[in-house]
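Below: one structure, written as structure tokens.
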Amino acid sequence: MIAWLLLAFLVIAGVLLLFRGDVQVLSTMDNTEIAILAAGVLLIAVYVLILLNDERSRPLRALRYLLTWAAFGLFLVTSYTYRQELSGVVYRVAGELIPAGQTMVVESEDKSEHAVRVRKRFDGHFSVRAAVNGQPMLLLVDTGASTVVLKPADAARAGVDTRDLSYTAPVQTANGLTYAAPVRLRTVAIGPLVVHNVDALVARPGSVNENLLGMSFLMRLRSYEFSKDFLTLRG
Amino acid sequence: MVALIGAAAFSHFETLKTGAEQLLGLPTASDVAARKTATSDAPQPPQQAGSSIVELKAGRNGHFNAEAEVNGRTIDVMVDTGATMIALTYEDAERAGLYLNSSDFTQAVTTANGVARVAPVTLDRVSIGDITVRNVPAAVAERGRLKTSLLGMTFLSRLSRFDMRSGILVLQE
């Protein structure tokens, strides 16, 4: 028993030695800090005592266990120290794992600002999964489109009466002039990022094979940023 | 496979709202303002050594237009993330010294107005302000099909970033 008490004393002395015997450090701590430190030292002491008791005849194994725990503790502290840098890594890993078009909510310094991030598709374009009038659909981010453009089928899903459309808006395309039907969408939402009353065009059946997230939406954002493999929208 | 690659090649889809000027192809006042490119001196994120920055102001409908130098000739382009490649009008291609005949239009691309035929080309150098990108895959549209040449993803994805904030598009090499 006396041996154990001696050991506990040695452990505490060892921790104090960490402060290079500088008792000044202790005097600058407030009570809470001293309490936390004492609890920590006590926990370590108890663990060391239990370990030495269990592994009495195998000191090397005891040492290995101790070192394993020390390494684990060091890893946790290091991870915590680099948590800012690691959050970038976490986003990248998450970005690789989620399908293209799926949006990640990004934390923003400004509380009134919402930000979402999306990964590049295999063909180099960016598309986002958005809720148009509450209906989920994929749209290609297109700064070359004046408005949001919907395929007739998706427009119908979003509650647009497609039997009653008039294709009156002249549209300049890469293949000459065509006409589309102007409509107004109640909401276009990408995660927490919501824009109301968005001008849109419904394309003639069969003319476009993708919905387009054009300038009538993008102009209403605070910012959008294309950076390497990711697009970040803020609004 | 060609159809797959070309699936979103040209998604330039611009509503005509400015009437006569647009139809005559004359630049509007806002257009001219928008085409002014300048090297940034605004407090943008830290600029790395040797990386150039170009700022573009939003033009009509919020689109971003720029003056690009293609093979040494100046061509007006619109920034278009919906275009897979740089897309040149037939006329702009001629100005850049690319003379094509009908047998060159070998590639089919899907547009917002059906399938179009284009001529695949590679541009030696494309510059906007101080930013230069070399060996850029591009496509030339048939005569009269395309209104404005497009700065598509084959150029944009070679930038380290480009972002829009308060009506200003910043391109960074």
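The values are calculated or read from the model by the stated rules, or taken from the named source; none is laboratory data. Because the structure is predicted, anything quoted here is derived from the model rather than measured. Please note: Cβ atoms are built from the backbone with ideal geometry, for glycine as well, and neighbour counts cover all protein chains shown.
Run down B:VAL136, B:VAL140 and say which single residue is crowded, with 18+ Cβ neighbours inside 10 Å, more than 8 Å from chain A (Cβ to nearest Cβ), touching a Ser or Thr at 6+ places or on another chain (Cβ under 7 Å) and outside any loop (DSSP other than H, G, I, E, B).
On the way: B:VAL140 fails: touching a Ser or Thr at 6+ places or on another chain (Cβ under 7 Å).
Result: B:VAL136 is the single residue among B:VAL136, B:VAL140 that is crowded, with 18+ Cβ neighbours inside 10 Å, more than 8 Å from chain A (Cβ to nearest Cβ), touching a Ser or Thr at 6+ places or on another chain (Cβ under 7 Å) and outside any loop (DSSP other than H, G, I, E, B).
Just checking: which of the strands (runs of 3 or more DSSP E) contained wholly in segment A:184-235 hold 1 or more residues that are touching a Lys or Arg at 6+ places or on another chain (Cβ under 9 Å) and over 20 Å from B:SER166 (Cβ atoms)? Lay out the reasoning, then the answer.
Numbers: elements: A:193-202, A:211-213, A:223-227, A:230-234.
Per the criteria, A:193-202, A:211-213, A:230-234.
For the structure I just gave you, tell me whether B:ALA33 is out of contact with any His (no Cβ under 9 Å at 6 or more places or on another chain) and at pLDDT 75 or above.
Details: out of contact with any His (no Cβ under 9 Å at 6 or more places or on another chain): yes; at pLDDT 75 or above: no.
No: the conditions fail for B:ALA33.
Could you tell me which of the residues A:GLY206, A:GLY214 is at positive phi and not hydrophobic (A, V, I, L, M, F, W, C)? Show your work before the answer.
On the way: A:GLY214 fails: at positive phi.
None of the others qualify; the one that does is A:GLY206.
One line per residue, one yes/no per condition, for (1) of a type in the set (Asp, Glu); (2) at the interface with another protein chain (Cβ under 8 Å from one of its Cβ atoms); (3) in contact (Cβ under 8 Å) with a residue 24 or more places away in the chain:
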| position | (1), (2), (3) |
| --- | --- |
| A:SER146 | no, yes, yes |
| A:GLY159 | no, no, yes |
| A:SER166 | no, no, no |
| A:ALA174 | no, yes, no |
| A:HIS196 | no, no, no |
| A:LEU201 | no, yes, yes |
| A:GLU210 | yes, yes, yes |
| A:MET215 | no, yes, yes |
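Taking the stated definitions as given, is B:ARG145 at the interface with another protein chain (Cβ under 9 Å from one of its Cβ atoms) and either outside any helix (DSSP H, G or I) or in contact with a helix residue (DSSP H, G or I) (Cβ under 7 Å, 6 or more places away or on another chain) (or both)? Let's see the steps before the verdict.
On the way: at the interface with another protein chain (Cβ under 9 Å from one of its Cβ atoms): yes; either outside any helix (DSSP H, G or I) or in contact with a helix residue (DSSP H, G or I) (Cβ under 7 Å, 6 or more places away or on another chain) (or both): yes.
Answer is yes for this residue.
Does A:VAL148 satisfy the criteria of being in contact with a Phe, Trp or Tyr (Cβ under 7 Å, 6 or more places away or on another chain) and within 28 Å of B:ALA116 (Cβ to Cβ)?
Details: in contact with a Phe, Trp or Tyr (Cβ under 7 Å, 6 or more places away or on another chain): yes; within 28 Å of B:ALA116 (Cβ to Cβ): yes.
Yes; evaluated as a whole, the condition is true for this residue.
Restricting attention to segment B:116-131, and to residues there that are touching a residue at least 60 places away in the same chain (Cβ under 8 Å) and in a strand (DSSP E or B), which single residue is nearest to the other protein chains (Cβ to nearest Cβ)?
Step one: list which residues in segment B:116-131 are touching a residue at least 60 places away in the same chain (Cβ under 8 Å), which gives B:116, B:118, B:128-131.
Imposing the further condition that a residue be in a strand (DSSP E or B) reduces the set to B:116, B:118, B:128, B:131.
Numbers: B:ALA116: 4, B:VAL118: 8, B:ILE128: 15, B:ILE131: 14 Å.
Residue satisfying both the conditions and the ranking: B:ALA116.
Can you find, within segment A:217-235, the residue that is nearest to the other protein chains (Cβ to nearest Cβ) among those that are under 19 Å from A:PHE122 (Cα atoms) and of a type outside the set (Gly, Ala, Ser)?
Of segment A:217-235, the ones under 19 Å from A:PHE122 (Cα atoms) are A:225-232.
This time we only want the ones that are of a type outside the set (Gly, Ala, Ser), so: A:225-226, A:228-232.
Numbers: A:GLU225: 3, A:PHE226: 5, A:LYS228: 7, A:ASP229: 9, A:PHE230: 10, A:LEU231: 9, A:THR232: 8 Å.
In this case the residue turns out to be A:GLU225.
For segment B:84-116, give me the residue count where each residue is of a type outside the set (S, T, N, Q) and farther than 16 Å from B:GLU67 by Cα. Can you show your working first?
Going through segment B:84-116, the residues of a type outside the set (S, T, N, Q) turn out to be B:85-88, B:90-100, B:104-105, B:108-109, B:112, B:114-116.
From the residues that got through so far, the ones that are farther than 16 Å from B:GLU67 by Cα too are B:85, B:90, B:94, B:97-100, B:104-105, B:108-109, B:112, B:114-116.
Of the residues in segment B:84-116, 15 are of a type outside the set (S, T, N, Q) and farther than 16 Å from B:GLU67 by Cα.
Can you report the number of residues in segment B:63-96 which are buried (at least 18 other Cβ atoms within 10 Å of the Cβ) and either assigned to a loop (DSSP other than H, G, I, E, B) or of a type in the set (Gly, Ala, Ser) (or both)?
Residues that pass the stated criteria total 13.
For segment B:67-96, how many residues are within 12 Å of chain A (Cβ to nearest Cβ) and more than 15 Å from the chain's Cα centre (by Cα)?
0
Of the residues that sit in segment B:97-115 and are outside any strand (DSSP E or B) and within 13 Å of another protein chain (Cβ to nearest Cβ), which one is surrounded by the most Cβ atoms within 10 Å (Cβ to Cβ)?
Of the residues in segment B:97-115, the ones outside any strand (DSSP E or B) are B:97-106, B:113.
Still in the list and also within 13 Å of another protein chain (Cβ to nearest Cβ): B:105, B:113.
Values: B:PHE105: 18, B:ASN113: 24.
Ranking the candidates gives B:ASN113 first.
Scan segment B:157-165 and tell me whether some residue there is in contact (Cβ under 8 Å) with a residue 60 or more places away in the chain, of a type in the set (Ser, Thr, Tyr) and buried (at least 20 other Cβ atoms within 10 Å of the Cβ).
Scanning segment B:157-165, I find no residue that is in contact (Cβ under 8 Å) with a residue 60 or more places away in the chain, of a type in the set (Ser, Thr, Tyr) and buried (at least 20 other Cβ atoms within 10 Å of the Cβ), so the answer is no.
Please specify each residue of segment A:146-161 satisfying the condition of being over 31 Å from the mean Cα position of the chain (by Cα) and either over 14 Å from A:ASN211 (Cβ atoms) or among the aliphatic types (A, V, I, L, M) (or both).
If we filter segment A:146-161 for residues that are over 31 Å from the mean Cα position of the chain (by Cα), which is where we start, we get A:152-153, A:156, A:159-161.
Listed by number, the residues that qualify are A:ALA153, A:ALA156, A:GLY159, A:VAL160, A:ASP161.
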